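Heads up: the structure comes next, in structure tokens.
Rule-based calculations on the coordinates, nothing more; no lab input. All values derive from a computational prediction rather than experimental measurement. A quick note on method: Cβ atoms are made from the backbone with ideal geometry, for glycine too, and the neighbour counts reach across all protein chains shown.
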Amino acid sequence: MAERKYEEMLNIRTTGLREWRNETHYHRYEATPYKALDELFKVYKLQKDDEVVDFGCGRGRVSFYIHNRFKIPVTGVEVNDQTFDEALDNKRSYRYLASDIEAPIRFNFALAEQFEIEETDTVFYFFNPFSVDIFKQVVHNILKSVEENERSIDLILYYPTGSYKRFMADHTPFKLINKVRVPDAQDKKEKFLVYRLA
């Protein structure tokens, strides 16, 4: 399904890029392509008791896609105030058409490394949203949450950088359980890595 058709179906606007004005540990806004999400969820299934956190959610594309497809709770975390406002605008228009889905969809204006992981959060999504230093802090927070409330956790990385992959392999207990490539991708980095802590 074309990008425009998905945007119309979900009643949202998430296309385009947004660069930060100043040098920052947070990376630019760019939405995960819908065709890539379709490929991921052909092989990776979310369960009805999963709750997803989308770090660096931007205007909310992944959050709305997952919420609409799987009808489970989703929380988007965004730190750019303008982009966050756009996510809230999208939520209003999305909910106008998706009012029948009981599961909540939330957006939090927060630094990722300060976001409080809930004991019910089980799946965490990252499209290279920030520097590896921040990523390390976020993963540390996730692991601390698991120590307090033991559960299985999945991390999904789209377009993973070498520094993210090295950190996951060398410094965390997560195991790589799947690689999902995007067909006809020009760049070999255009893939999903799914890690699990069981």
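Summary table below
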quantity	calculated
Mean separation of Cα contacts under 8 Å (6+ apart) over length of the chain, as relative contact order %	20 percent
Label-point separation, Lys45 to Gln186 (7 Å along Cα→Cβ), nm	3.6 nm
Listed candidates (1) 9.8; (2) 10.6; (3) 12.0 - label of the one calculated as mean projected area of the Cα convex hull in nm²	(2)
Modelled FRET efficiency - R0 45 Å, Ala2 with Ser131, Cβ distances, 0.05 increments	0.85
Sum of -39500 (n - 2.57) over DSSP H runs of 4+, divided by residues of the chain (222 nm, nearest 500)	-11500 deg cm²/dmol
Distance in nm between pseudo-label sites at Lys175 and Glu102 (7 Å out along the Cβ direction from Cα)	3.5 nm
Count of lysine pairs in the range 31-179 with Cα separation under 15 Å (8 or more residues apart, or interchain)	9
Whether the range 101-157 is rounded, prolate or oblate, judged on the alpha carbon gyration tensor where a/c under 1.5 counts as rounded	oblate
Percentage relative contact order, the range 100-169, counting C-alpha pairs under 8 Å, at least six apart	42 percent
The range 74-181: C-alpha gyration tensor shape, a/c 1.5 cut-off, then a/b vs b/c	prolate
Amide H partners (placed H, <5 Å) of Asn178, local residues excluded	Val194
